[in-house]
Amino acid sequence: MALNLDETVVLVIDDEKVLRDGAERILSRMNCRVLKATQGEEGLAVLQKEQVAIVLLDMKMPGMDGMEVLRHIVAMERGILVIVITGYATVETAIEAMKRGAYDFIPKPYEPDQLRIVVNRAREKLQLQQEAERMAGERRRTLRDLHTEKSRIHTIIEYLPNGVIVTDAGGQVVLINPAFHELLGLPEDLGPGRKIEAYISDPGLCRLILEISQGRHIDFDDIPTYELELPDGKCLLARGRPVLGERRECLGAVVNLVDISAMKALDKMKSEFVAKVSHELRSPLSTIHEQLAVVLSDMVGDAASPDDVNMLSRAKEKTQGLISTIGDLLDLSRIEAGIAAKESKPIQLKELLQNVVDFLGVKAKAKGQTITLSAPAEPLPDMPADPLALESVFGNLITNAINYTQEGGAIQVLLDMTGMNFRVIVKDNGIGIPAKYIDKIFERFYRIKNEKTRYVTGTGLGLPIVKGIVDSMGGYIDVESESGKGTAFTVILPMRQ
């Protein structure tokens, strides 16, 4: 490697004059300024006065030995590279010296070429260290200068209506705009230069910003957002992205803060409206449904017109569909309000699943289908949860499996433990879900419509309800499917909520 260094200062600490002078002759021709000392104390005195880069240190000297001198040099924390010279000492002593902070060693007596090689290697290391420090300094300066940079970009950030804050890789704030101050109610004189905790009191958001700043989310596109609720009722949404250098190294993070209080209020009004309307509609619809059932039961005998019976039967079926839709809307309203699970108590998941399978087994049997539950023979731990919420989750999944599986098909419900979590798989060999629809099936009111599904009734709210309940319990749901071969829904639920 070609070197282009300024004059390197080398200190030779050796009690043998011949070796000191020999080292000076060799190193002087390598663009080095050589200083000499005959013993350890003298060498340490030179180091107090001179900016030495490399020290050639004899291990065996009168007075203070080389190991003690090495200890003092390392304690200075000046980045001095120490090359120990082993003559009297063994190789094991040299290795021990390197464990204590020496850079390299050279045996005594040494050839001129050996000395040139080891010193050149030390100079290359110094050059790399200086370059790394220079680049790190430039990165720090680039981010820290953001706050004082009088550029068009800085002006734009200053007048953005959204809060913006920029941190370096250590989580120290290097830029903050007025909107950020206003949204969090920070003092105007609280400028950059402090850790993120000095500006944001929420530990969860601080932790997320620090993770982004340190590069833990460089390879992830789906960096989580964070909702921050303030004591005055204001709700803020934080989005963060890493600031990357030319080599994709993480220099810090930029965080955008948006006031979503109005959106939250609108969502709440919408949910309350849906809940109120649903409550108002469910009672009269239930009454109509019951009256239609009574009329149909009375329409017996030859006097009953087939057309009338068919018309009233369809009306009864449609009212039942509306009642189911209203029930689903009320479930969604409870999920949005954060009350998806009303009552938490110890549940034996195996027993609950068996009850759901037995109840829906009648419907499966009517289509000539088989439905089975497989679970470990040994008792499983209790799970604290709302039984109605769990019944809704697995009732919806098993009902879907029955509806979208042909007559004579098979449905399996598998229960086991994975780590500290329960895993339930609802698997069928039905018509399956085309790959292009997999990402949409958890959207509200979304239903796959084709020749195979046109006769399957539903509201398109079952899977959104399932996902909402599972999410509220800190769980996870996934689906695997192949068109024409079947579908498998996997639900992971934590043992402790």
Conditions (1) modelled with pLDDT of 90 or more; (2) closer than 20 Å to G462 by Cα -> Q369 fails only (2)
Conditions (1) over 25 Å from A132 (Cβ atoms); (2) touching a residue at least 40 places away in the same chain (Cβ under 8 Å); (3) among the basic types (K, R) -> R20 fails only (2)
**Message:** Tell me whether region 105-113 contains one or more residues that are closer than 23 Å to L126 by Cβ, buried (at least 16 other Cβ atoms within 10 Å of the Cβ), modelled with pLDDT under 90 and within 46 Å of the chain's Cα centre (by Cα).
**Reply:** yes
Filtering region 215-243 down to residues that are more than 18 Å from the chain's Cα centre (by Cα), touching a residue at least 24 places away in the same chain (Cβ under 8 Å) and not in a loop (DSSP other than H, G, I, E, B) yields C235, L236
Look at L312 and say whether it is part of a helix (DSSP H, G or I), at pLDDT below 75 and either out of contact with any helix residue (DSSP H, G or I) (no Cβ under 6 Å at 6 or more places or on another chain) or not assigned by TED's automatic domain parsing to the domain that holds L183 (or both). no
The correct count of residues that are buried (at least 18 other Cβ atoms within 10 Å of the Cβ), under 21 Å from T490 (Cβ atoms), of a type in the set (G, A, S) and without any contact (Cβ under 8 Å) to a residue 60 or more places away in the chain in region 351-394 is 1
Scanning region 276-294 residue by residue, the ones that are loosely packed, with under 15 Cβ neighbours inside 10 Å, at pLDDT 75 or above and of a type outside the set (A, V, I, L, M) total 4
Residue pairs qualifying under the 7 Å Cβ cut-off, at least six apart or on distinct chains, with the first in region 289-301 being among the small types (G, A, S) and the second being modelled with pLDDT of 75 or more and surrounded by 12 or more Cβ atoms within 10 Å (Cβ to Cβ), are A293/K316
When L146 is run through (1) modelled with pLDDT under 85; (2) surrounded by 15 or more Cβ atoms within 10 Å (Cβ to Cβ); (3) more than 27 Å from the chain's Cα centre (by Cα); (4) part of a helix (DSSP H, G or I), the failure sits at (4)
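Yes/no matrix, rows are residues, columns are (1) surrounded by fewer than 17 Cβ atoms within 10 Å (Cβ to Cβ); (2) modelled with pLDDT of 90 or more; (3) at negative phi:
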position: L11; (1), (2), (3): no, yes, yes
position: N31; (1), (2), (3): yes, no, no
position: V34; (1), (2), (3): no, yes, yes
position: T38; (1), (2), (3): no, yes, yes
position: L44; (1), (2), (3): no, yes, yes
position: H72; (1), (2), (3): yes, yes, yes
Quick count over region 322-360, residues being of a type outside the set (V, I, T) and at pLDDT 70 or above, is 15
Next on the checklist: I'd like to check something: does region 86-100 contain any residue that is within 24 Å of E7 (Cα to Cα) and either touching a residue at least 24 places away in the same chain (Cβ under 8 Å) or assigned by TED's automatic domain parsing to the domain that holds A37 (or both)?
Outcome noted: no
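The values are calculated or read from the model by the stated rules, or taken from the named source; none is laboratory data. For clarity, every value in this text was computed on a predicted model and none was experimentally measured. Neighbour counts run over all protein chains shown; Cβ positions are idealised from the backbone, glycine included.
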